[in-house]
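The values are calculated or read from the model by the stated rules, or taken from the named source; none is laboratory data. Because the structure is a prediction, the values reported are computed rather than measured. Note that each Cβ is placed from the backbone with ideal geometry, even for glycine, and that neighbours are counted across all protein chains shown. Remember, those area values only see protein heavy atoms, side chains included, never the ligands or the DNA or RNA. Shrake-Rupley method; radii C 1.70, N 1.55, O 1.52, S 1.80 Å.
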Amino acid sequence: MPTEEEKSLSEGSETVRRANTQSAKQLALALQSAVGLPDAYNCAFWLADELLEDTRAQLWQSIDGNMRGLKVAYIDSSMGWNPPEKRQELFNSLARFILLSPVNKPDEIAGYSAFRFEHEDEEDILYCYELQINPLHQRKGLGRFLMNLLEVIGRRTKMKKIMLTVLDNNLAANKFYKKIGFQLDECSPTYEDLDNENGTEKVDVDYQILSKLVT
């Protein structure tokens with residue numbers, strides 16, 4: 001059976017296939033055009049399959065820690081909260097990571113973004129799966145820098161737009177994304193078909209899919 005990465009390299013658009021062959025070193029060239037990284041931080045790029053186990057543990061702990069206030073919301077949401085599935089999504093072989101660390105603590109992760117290159121609905125997109133900032137390093141411009149860097153990567157790899165998913169009740173995230181130019185994407189659903197013992201029913205969704213053009 002071919003892996004998901006092997007399937008991605010043989011299916012979809014040529015643009016996405018080409019983007020998925022880029023090494024971490026090639027992706028890091030985007031730093032030449034990015035702005036806003038505070039002098040107190042370093043920035044590094046990693047492919048999911050190249051992450052060290054200690055780094056994987058820190059990345060997962062960051063999600064677990066930052067999600068404490070939102071776990072109940074996730075559990076009760078139409079998206080649900082399933083740690084094994086979330087972990088599999090996070091470390092998918094096609095995932096790429098941008099890690100920020102303090103200059104004086106190079107082994108500490110201050111913040112990161114996890115993203116993938118995908119082809120959906122005839123569009124080439126950069127999907128931001130995670131944007132996590134350690135609470136001790138928030139309000140220092142790291143989130144804005146990471147999103148700016150994703151835009152640069154999107155343009156360099158000729159993606160049409162950046163997309164992401166956010167819960168309606170994550171007010172801070174919604175405010176942040178809309179402040180930096182994200183809008184409700186046309187594919188964002190208003191309801192989903194839910195299968196249950198009585199058949200299929202339509203349920204209102206409590207999340208939004210936002211996007212921002214980068215071309």
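Shown in residue order for region 113-125 are the 3J(HN,Hα) couplings computed by the Karplus curve 6.51 cos²θ - 1.76 cosθ + 1.60 at θ = phi - 60°: 10, 10, 9, 9, 9, 9, 10, 10, 6, 6, 10, 8, 9 Hz (x for Gly and Pro).
Using the Karplus relation 6.51 cos²θ - 1.76 cosθ + 1.60 with θ = phi - 60°, the per-residue 3J(HN,Hα) values for region 96-102 come to 10, 10, 10, 10, 10, 9, x Hz, with x marking Gly and Pro. Counting only protein chain heavy atoms and rolling a 1.4 Å probe, the accessible areas of Cys128, Cys43, Cys187 rank, largest first, as Cys187, Cys43, Cys128. Of Leu52, Leu146, the order by accessible heavy-atom surface (1.4 Å probe, DNA, RNA and ligands excluded), from most exposed downward, is Leu52, Leu146. Sequentially through region 33-49, phi angles give Karplus couplings (6.51, -1.76, 1.60; θ = phi - 60°) of 10, 7, 10, x, 6, x, 4, 7, 10, 9, 10, 9, 10, 9, 8, 3, 6 Hz, Gly and Pro residues having no value and appearing as x. Take the Cα of Ala173, step 7 Å toward its Cβ, do the same at Thr15, and the gap between the two points is 2.6 nm.
If you plug the beta carbon distance of Leu213 and Lys140 into 1/(1 + (r/R0)^6) with R0 = 25 Å, you get a FRET efficiency near 0.40.
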